[in-house]
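Quick note: the coordinates plus some simple rules give every number you see, no bench work behind them. This one's a predicted model, so the numbers in the text were calculated from it and none came from an experiment. In this analysis, Cβ positions are derived from the backbone assuming ideal geometry, glycine residues included, and neighbour counts consider all displayed protein chains.
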Amino acid sequence: MERLTRRDLPVALFAAAGSSAGLQPIVVSINILFDQGAHSGKGLRADELAKFDRSQDRARREFAVSGIFFQLQLTEGAYLRTQGYSEIPEKFLAANAINLFVTAALGYDIDRERTGGSSSGPRGRRPPFAADPYFKTFLGLGDASEATLAHEYSHHFTLDTQRPPSASGNFWADMRNDYWLWRQRRGVPIAEFRACARSKWARLTDAVPLR
């Protein structure tokens, strides 16, 4: 994968030739938010950006097996606002994309298990939180492995983030998705990941251009 930086084009589409034969391609829109506030406002280091590149490239290659491709857009200047809980200011969020916030380390309120990843979908109002219409994934590079991002995407693709969350449901979804990811890495297209085709951040298309 070519690194997305402020010097690059704001939108990039990645595909893999020869994979997912016979499957109509699904293109998923990702709004990437690199944490401007990381490391006391210095932003992410070069080694951290390189780790993100590897993680995204791994996800690209793995999900291409199931006919799923990524359209990446970079929104500059993003940061987390903390006021007893962490939130991304709404001006950085896109309604028709999975908003991927990439930082050095996630707070306890987002990542209690220190897995380096967390994903969520829209939720109604519940005090003290306002209603939230956005799809989000948080990636904390310090705790995440290079497989974490693909795992977090899987929760969106299987529509887990469109269902009410529960501790037991999340546990079984983790186990199930990891099994499907294991099979996909061995060249098996996973129909369950394609459940996202009608989501607001995904679209079916006749062809995916190569970059």
task: Whole Å is fine, so just give me how far the alpha carbon centre of the range 45-79 lies from that of the range 138-211.
output: 13 Å
field: Mean ellipticity per residue at 222 nm, deg cm²/dmol - from DSSP H runs of n ≥ 4 across the chain, formula -39500 (n - 2.57)
entry: -8000 deg cm²/dmol
field: Antiparallel DSSP beta bridges within the chain, percent to nearest 5
entry: 45 percent
query: So which trypsin sites (Lys or Arg not before Pro) in the range 122-187 pass both tests, a DSSP loop state and at most 14 other Cβ atoms within 10 Å of the Cβ?
result: Arg125, Arg186
Candidate values (i) 111, 47, 33; (ii) 49, 42, 27; (iii) 101, 37, 29, label of the one derived for Cα extents along the principal axes in Å: (ii)
task: Could you go through the range 65-70 in sequence order and give the Karplus-derived ³J(HN,Hα) for each residue, using 6.51 cos²θ - 1.76 cosθ + 1.60 with θ = phi - 60°, rounded to whole Hz, and x for Gly and Pro?
output: 4, 9, x, 10, 10, 10
statement: Exposure-ranked with fewest Cβ neighbours within 10 Å first, Tyr85, Tyr79 stand as Tyr85, Tyr79
- request: Would you please give the FRET efficiency between Asp57 and Tyr85, computed as 1/(1 + (r/R0)^6) with r the Cβ-Cβ distance and R0 = 30 Å, to the nearest 0.05?
  value: 0.40
- prompt: Per-residue HN-Hα couplings for the range 135-151, Karplus 6.51 cos²θ - 1.76 cosθ + 1.60 at θ = phi - 60°, whole Hz, x for Gly and Pro?
  reply: 8, 9, 10, 10, 10, x, 5, x, 9, 6, 8, 6, 8, 4, 5, 4, 4
query: What length, rounded to one decimal in nm, is gained on full extension from Arg198 through to Ala104, with 0.36 nm per residue of separation minus their alpha-carbon distance?
result: 30.6 nm
- request: Could you calculate the contour length gain from Thr205 to Arg163, that is, 0.36 nm times the residue separation minus the distance between their Cα atoms, to one decimal place in nm?
  value: 12.5 nm
field: Check: the chain dipole with +1 on Lys, Arg Cβ and -1 on Asp, Glu Cβ, in debye
entry: 340 debye
field: Under-5 Å amide H pairs with Leu141, H placed in peptide plane, nonlocal only
entry: Thr103, Ala104, Ala105
- prompt: How high is the relative contact order of the range 11-204, in percent, with contacts defined as C-alpha pairs under 8 Å that are six or more residues apart?
  reply: 26 percent
field: Amide H partners (placed H, <5 Å) of Phe70, local residues excluded
entry: Phe14, Val28
- line: Listing His151, His39, His156 by rising number of other beta-carbon atoms within 10 angstrom, fewest first, gives His39, His151, His156
- request: Using only the Cα atoms of the range 36-121, each taken as one equal point scatterer with no solvent, compute I(q) by the Debye sum, divide by I(0), and report log10 of the ratio at q = 0.20 Å⁻¹.
  value: -1.20
statement: Assertion target for Leu49, Leu139, Leu93, ordered by fewest C-beta neighbours within 10 angstrom first, is Leu49, Leu93, Leu139
- prompt: Which chymotrypsin sites (Phe, Trp or Tyr not before Pro) from the range 103-157 combine a DSSP loop assignment with at most 16 other Cβ atoms within 10 Å?
  reply: Tyr108
field: Calculated from backbone phi, Karplus (6.51, -1.76, 1.60) coupling profile of the range 85-91 in Hz, x at Gly/Pro
entry: 8, 9, 8, 8, x, 4, 5
